[in-house]
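The values are calculated or read from the model by the stated rules, or taken from the named source; none is laboratory data. What you are looking at is a predicted structure, and each value in this text was computed from that prediction instead of being measured. Glycine gets a Cβ as well: all are built from the backbone with ideal geometry, and neighbour counts include every protein chain shown.
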Amino acid sequence: MKRKLTLPAIALALTVGFTGCDLQVDNLNEPDRTRALAGPDDVETLIASSYLKVWEIGHYWNNANFAFNHMSSRHTATWGNMGMNDLGREPREPLPNSASYSPSYVFEANWGDAYGGISAASDGIRALDEGLEIGPGGERNARARTFAIASQAILNCLLALWYDQAFIVDETVDLSGELDTVDYNAVYQYAVNKLDEAEAAARSSSFTLPDTWINGNPWDNNQLADYLVSWKARCAANLPRTDAEAAGVNWGKVISDAENGIRELVAIGQDRSSGTPWWSGIKIFMQENNTWHRMHMDWVGMADQSGQYQDWLTFPTEQRTAREMTFGDDKRFPAVNETGTLGEPVSPSAASYGPRHRYNATIIFRPERGTYRQSHYGDSRYDDYTLSCSRCEFGAMESMTHQEMDAYVAEGHYRMGNFGAAADIVNKTRMEAGLPPAPSNPTDAVPSNANGECTPRKRYDVQGRCGNLRDAMWFEHFENVFNVFGGLEFWHGRRNDIMPAGSALQLPIPAADLEVLQRDIYTFGGGEPSSAGNPIPPAIVPGSLDAALLRAAYSLERIQRSLAREARAANADLVVR
């Protein structure tokens, strides 16, 4: 159903986006419209600033990033900050879409940032359309216009990825009348058209971006165009709300765009004391092991070889506690459970060690908020950035990686039935981690080693079955696409139907905006519309008598495996060497 938004409501809704967050710091460098449009240089600055909203949505902490990563069962925490305690609670509850909700920025920030950036870009284009010349004879007009269209495109893509509906506003829209919201598919199609328009404009021009527009990247026009091609892949792959919707994606186009676009984006962080916007909250906090972050047991457990994860699954959720595990051949995980022990950095990306995980003896999260969220293991791929100094965030910050693009290519091949091609991509990082190649036959299990250990095991599976190619593909996504850009983990989980049951699959329009618009407040998740189904593979139901028997059987099996290993070791000692 279409929602009608009038101009006063839009204006106030955009204001809410900037002021509704109690932790949002006003940026005095953001010009108002009158001052921003005072002259050519001001308009150019306004257009350049529109991309900062893309960065904020993808990298800041005071939005949906932390809570929805937790909802995807990758990151875990119990803190009330960023909505993590409420949105990560199990069983899942409806999203608390209320203007009075303390961290209401979970709902409001991406909405307000997107429209703030779109407004800046549209105002800039409108000024150009009215004859403004930037530089002598308008020599910088093409660059400014192209960059503005690019920001419009990416921000509309992000609205489509996060929200169930939105309204489309640009320099062509008559704001004196009424505007209709459209569903996320229509917003996505508009974004794709804008991406095409921006790419064409870039390729038909010749310019170089100032290195402050995407900090540290003085791209030429073709590099910017290639970046937009990669966004086409990112948008298309991540739009689906379910596996059924994902089946309808043009995966051949996704593969082409992921292979032919830019493969890395690394921005340069700066000292935050200067008021710079170029910092990454997800890289500061969502891998900081001592306070803010641990890996969810549903992630770590796929690599577990001790049977502890499967045993953990057999208990009722509220009775689950952190377990110490062993990881067999996977070098990315710590070889011993000693505090501070790290896995090996075997698959580095442009600005990280790549997946490497740390054992922590201390449990840092509040038990009364759910011991099922406690974990001994944390990710440490961005230690160089996190530890550069105390919250000053110097250094390189990746925002798009070749591993992310490869993941889209692998998934595309898998969904199109090209299982051998999918396996080739998946096996690159598997083999770097010390694991045997996953089979190209999608029904075959990944190989086990001499000790009967296999990685990954099926997620949520109390039987501990070895995974197949699709499980391996999912697991390599977990390992190689973490904290690159906010939302990637959540979007991957929902389109593959592996989110915990009841998880919301998208954000509603923020309640503060609905109140201004005099619309009914609605929400998702926790049994409300747009809730994830049950992701647990067909197996014995946890908590049943069968599960209790299964737990006993697993204990016996672990003992038998241990005795077999001891026997092999004893025999090995008898061999002359």
*asked:* Going residue by residue through the range 227-236, is there one that turns out to be small (Gly, Ala, Ser) and more than 18 Å from the chain's Cα centre (by Cα)?
replied: no
*Keeping to the range 251-279, report how many residues are of a type outside the set (A, V, I, L, M), within 21 Å of the chain's Cα centre (by Cα) and not in a helix (DSSP H, G or I).*
7
*Failed item in (1) out of contact with any strand residue (DSSP E or B) (no Cβ under 7 Å at 6 or more places or on another chain); (2) without any contact (Cβ under 8 Å) to a residue 24 or more places away in the chain; (3) within 23 Å of GLY112 (Cα to Cα), with LEU175 passing the rest*: (2)
*Return the pairs, sorted by first residue and then second, in which the second residue is of a type outside the set (Lys, Arg) and not in a helix (DSSP H, G or I), the first residue lies in the range 412-423 and is over 12 Å from MET473 (Cβ atoms), the beta carbons are less than 8 Å apart, and the residues are 6+ apart or on different chains.*
GLY420/SER440
*Taking ASN110 as the residue in question, decide whether it is in contact with a Phe, Trp or Tyr (Cβ under 6 Å, 6 or more places away or on another chain), of a type in the set (S, T, N, Q), at pLDDT 95 or above and in a loop (DSSP other than H, G, I, E, B).*
no
*Scan the range 419-450 for residues that are surrounded by fewer than 18 Cβ atoms within 10 Å (Cβ to Cβ) and part of a loop (DSSP other than H, G, I, E, B) and report the count.*
12
*Just give me the residues in the range 323-371 being assigned to a loop (DSSP other than H, G, I, E, B), more than 24 Å from ARG430 (Cα to Cα) and of a type in the set (Val, Ile, Thr), in sequence order.*
THR339, THR362, ILE363, ILE364
*Pair list, Cβ < 7 Å and 6+ apart or interchain, from the range 481-506 residues that are over 26 Å from HIS402 (Cβ atoms) to residues that are of a type in the set (D, E, K, R) and in a loop (DSSP other than H, G, I, E, B)*: PRO500/GLU90; PRO500/ARG92; ALA501/ARG92; GLY502/ARG92; SER503/ARG92; LEU505/ARG241; GLN506/ASP164; GLN506/ARG241
*Condition test on SER347, is it in contact with a strand residue (DSSP E or B) (Cβ under 7 Å, 6 or more places away or on another chain) and either surrounded by 23 or more Cβ atoms within 10 Å (Cβ to Cβ) or closer than 30 Å to ASN260 by Cα (or both)?*
no
